[in-house]
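Report on one structure; see the data block that follows.
The values are calculated or read from the model by the stated rules, or taken from the named source; none is laboratory data. Worth saying up front: this structure is predicted, and the values here are computed from it rather than measured. Note that each Cβ is placed from the backbone with ideal geometry, even for glycine, and that neighbours are counted across all protein chains shown.
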Amino acid sequence: MNLRCISILLLAVLAVSCGRRADVHWRDGNFEVYALDMDFSVTELGYNHHPGILGLVKEQVVAAGSTAHWVFVERLDTSSGRAEFYVVPKEGMPENHSGTVEGPFSETQFREMRAARQLPEFAWRKKK
């Protein structure tokens, strides 16, 4: 190999090895509430495919919970200041997820859905 090829290969390895890992705040199986920003404060919900994360609910996820069939999160819409709620079905194949997300729901809609689907309280809440 010539010096140019070796240099390119070395730069590629360096770029991959210096990638930041996500700071995981909550996890249920492959579902994760994680942060990747500089100070690990912007939280999102994703599905970890190992390698790579499929983003499901964008910032700012402030609460998460789950059952055997559902993952549910509360998201703060930073532009309006309103709470939005999302529900993600757990699917049969643990190594794969279609990216299906239900929502956003209002607090009233989510309260009705929570009762109908017997969803418990959130297991994790972001500290302020």
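Note on the range 67-100: residues that are among the β-branched types (Val, Ile, Thr), surrounded by fewer than 17 Cβ atoms within 10 Å (Cβ to Cβ) and within 15 Å of the chain's Cα centre (by Cα) amount to 1. Per the listing Gly99, Gly92, the residue uniquely more than 22 Å from Leu36 (Cα to Cα) and either among the small types (Gly, Ala, Ser) or part of a loop (DSSP other than H, G, I, E, B) (or both) is Gly92.
Entry remark, the range 102-128: residues being assigned to a strand (DSSP E or B) and either without any contact (Cβ under 8 Å) to a residue 60 or more places away in the chain or of a type outside the set (Lys, Arg) (or both) number 5 in total. Among the residues in the range 43-54, are any within 21 Å of Phe122 (Cα to Cα) and either without any contact (Cβ under 8 Å) to a residue 12 or more places away in the chain or assigned to a loop (DSSP other than H, G, I, E, B) (or both)? Looking through the range 43-54, none of the residues is within 21 Å of Phe122 (Cα to Cα) and either without any contact (Cβ under 8 Å) to a residue 12 or more places away in the chain or assigned to a loop (DSSP other than H, G, I, E, B) (or both).
Test Arg75 against the stated conditions and say whether it is at pLDDT 95 or above, touching a strand residue (DSSP E or B) at 6+ places or on another chain (Cβ under 7 Å), of a type in the set (D, E, K, R) and within 17 Å of Asp23 (Cβ to Cβ). Considered against the rule, which asks whether it is at pLDDT 95 or above, touching a strand residue (DSSP E or B) at 6+ places or on another chain (Cβ under 7 Å), of a type in the set (D, E, K, R) and within 17 Å of Asp23 (Cβ to Cβ), Arg75 comes out as no.
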